[in-house]
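To start, the structure itself, in structure tokens.
All of the numbers you see were taken from the coordinates with simple rules; none came from a lab. Just so we're clear, the structure is a prediction, and the values are computed from it rather than from any experiment. Here Cβ is always computed from backbone atoms with ideal geometry, including for glycine, and neighbour counts include all displayed protein chains.
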Amino acid sequence: MTDHTLVQADEILTELVELVETARTLPMSSSCILPRERTLDLLDALRDVLPPEMVQARAIVAERDRTLADAQARASEVREAAQSEADSSLALARADAEQLVAGARSESEAVIKAAAEEQQRLVAASTVYQSAADAAAATLADAADYDASTRRAADEHAASTRRAADEHAAATRREAEEYAAKLRADALDYADRTLAGVVDNLRRLAATAENGRIALGQPAQP
């Protein structure tokens, strides 16, 4: 910011202050009446002499907002993809478990049916009635044991598959949340570092402007 620009800014600010101080006060109020056109002209002139860093700071803030919005949108996409994958894995696991249980049930029913048919055939032979009854009872007992064992194995496999699917879904969601948090942290860190640099520049410019204004107000040395 040049000395000439500093002088212009100081003159405009001085005129604005005088304009406010000399404005006519409204009756029964602390408000005052300012000439609209002159006030707007002075503000436009002050905007023209302000340093370009002010415009850069506004652009940086807007870029930070866009970066945060993009990070949030990306995080939402990652979470939705993870949820979809987890739901698909869980659906496949449930389908496999149901198919396994159905197969075990069908096999056990076939065994029980064969045992019942064998029992009926043996009972029909009067000469071997007792032995047939014993054999049929033993066959039925074995079939019932096999059915119970098969059902337990199918239920355990289904439970294990569901647990694995739930753990995978939870891990995928955690990874998505961590990635989204990192994106937000990176965006905020970039915006903060950039704005800190702009603030330092503005402070140095303000100090220079203040020194120039003080220098303009001091009388020349003999």
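Here are a few things to note about the model shown:
- Coordinate range of the alpha-carbon atoms in region 51-217 per principal axis, descending: 135, 16, 11 Å.
- The packing ranking of peptides 27-34, 5-12, 190-197, highest mean first, is 5-12, 190-197, 27-34, where packing means the average number of other beta carbon atoms within 10 angstrom of each residue.
- Taking amide H as placed 1.01 Å from N in the peptide plane, the amide H of residue 32 sits under 5 Å from that of 26, each at least 5 places away or on another chain.
- Per-pair calculated FRET efficiency, R0 = 22 Å: residue 63 and residue 83 via Cβ, rounded to 0.05: 0.15
- Phi angles across region 184-197 convert, under the Karplus curve 6.51 cos²θ - 1.76 cosθ + 1.60 with θ = phi - 60°, into 3J(HN,Hα) values of 5, 5, 4, 5, 5, 4, 4, 5, 5, 5, 5, 5, 4, x Hz, Gly and Pro given as x.
- Rounded to the nearest Hz, the phi-derived 3J(HN,Hα) couplings of region 169-178 under the Karplus curve 6.51 cos²θ - 1.76 cosθ + 1.60 (θ = phi - 60°) are 5, 5, 5, 5, 5, 4, 4, 5, 5, 5, where x marks glycine and proline.
- Taking 0.36 nm per residue of separation and subtracting the current Cα-Cα distance, fully stretching the chain between residue 118 and residue 195 would add 18.9 nm.
- Inter-probe distance in nm under a simple model that places probes 7 Å from Cα toward Cβ, at residue 184 and residue 73: 1.8 nm
- Fully extending the segment from residue 202 to residue 23, taken as 0.36 nm per residue of separation minus the present Cα-Cα distance, adds 61.3 nm.
- Calculated Rg and Dmax of region 163-214 using C-alpha coordinates, Å: 22.5, 75
- Convex hull volume per residue in cubic angstrom - Cα atoms of region 1-50: 65 Å³
- Taken over the Cα atoms of region 133-222, the convex hull encloses 57 Å³ per residue.
- Where only DSSP H runs of four or more residues are counted, the chain gives -32500 deg cm²/dmol as its mean residue ellipticity at 222 nm, each run worth -39500 (n - 2.57).
- Cβ charges +1 (Lys, Arg) and -1 (Asp, Glu), total dipole of region 101-145, debye: 120 debye
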